[in-house]
Amino acid sequence: MMNYRKGFTLIELAIAASILSMVALAILSVFGAGLRTFDRVAVFGGSQSGFLLFLQNFETDIRNAFELPGVPFTGNTQKMSFAGITSELNEDNEVSVALVKKLYYFDNARNTLFNKEEGYPQAVFPFDVPSEQVGSLMDVRFQYYAYTKTIEEGKENIQYGWQDAWSEEGSLPRGVKIVLTFNNGDQDVIWERTVFIPTGGDVPFLPATEEEQEG
């Protein structure tokens, strides 16, 4: 009866050691990459958290934009103004809502995005003091979504698309897009946010047909 020796040969041990070494190296590499990513996110969150808050306030302002006599919605790629609302404390420490003219503009010289506001009816006069700002920006771009619907000779004509300026008296864009560009250490980062205005766009009222009127 033959006896078989149980165990590993030197070659098998060497192969197993090599495999374990490669697995350990892969785990350490992944772990190291995770730590570097975590550090970047921590730094990014700390230095750019102001952008997030600014964009949140921007979105609220755009959604609440409306038409107001003497304060039309106007804008180009780096500046826009419109009528809006703001809340403030009165003498009795009660929150009240006020009509204002809001202005967003990018200062290339200071690489800073400003948000200013002025009370209505004084809103028709220039702004003096910024109420909010974020700096360290490389570029800021605004775009405006236009949507018009007309009926010509019984045919429906719809025009829509993004444009770099808005100056149509008595109307609001359907939406506004803001694109922020800034540097995050070793790379340029681009943030983009699109906000649609519930009362924006130009959709005319269509009169009822004779069949609808009879019904």
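Determine the pairs where a residue that is outside any helix (DSSP H, G or I), located within segment 63-77, has a partner that is modelled with pLDDT under 90 and hydrophobic (A, V, I, L, M, F, W, C) with Cβ atoms under 6 Å apart, the partner being 6 or more residues away or on another chain. As it stands, the answer is Asn64/Ile85; Gly70/Val124; Val71/Ala123, since those pairs meet every condition given. Screening Thr37 on (1) exposed (fewer than 15 other Cβ atoms within 10 Å of the Cβ); (2) hydroxyl-bearing (Ser, Thr, Tyr); (3) at pLDDT 90 or above shows it passes everything except condition (3). The requirement of being outside any loop (DSSP other than H, G, I, E, B), exposed (fewer than 12 other Cβ atoms within 10 Å of the Cβ) and at pLDDT below 95 is satisfied by Gln159.
When Met138 is tested against (1) at pLDDT 85 or above; (2) under 17 Å from the mean Cα position of the chain (by Cα); (3) surrounded by 15 or more Cβ atoms within 10 Å (Cβ to Cβ); (4) not hydroxyl-bearing (Ser, Thr, Tyr), only condition (3) is not met.
Restricting to segment 80-118, what's the tally of residues that are modelled with pLDDT of 90 or more and among the β-branched types (Val, Ile, Thr)? Adding up the residues that qualify gives 1. Annotation: of all residues in segment 172-215 being in a strand (DSSP E or B) and of a type in the set (S, T, N, Q), the one that is modelled with the lowest pLDDT is Asn183.
Residue check: Ala98 meets all listed conditions (1) assigned to a strand (DSSP E or B); (2) surrounded by 15 or more Cβ atoms within 10 Å (Cβ to Cβ) but one, namely (2).
The values are calculated or read from the model by the stated rules, or taken from the named source; none is laboratory data. Just so we're clear, the structure is a prediction, and the values are computed from it rather than from any experiment. Because the Cβ atoms are built from the backbone with ideal geometry, glycine has one as well, and the counts that use them run over all protein chains shown.
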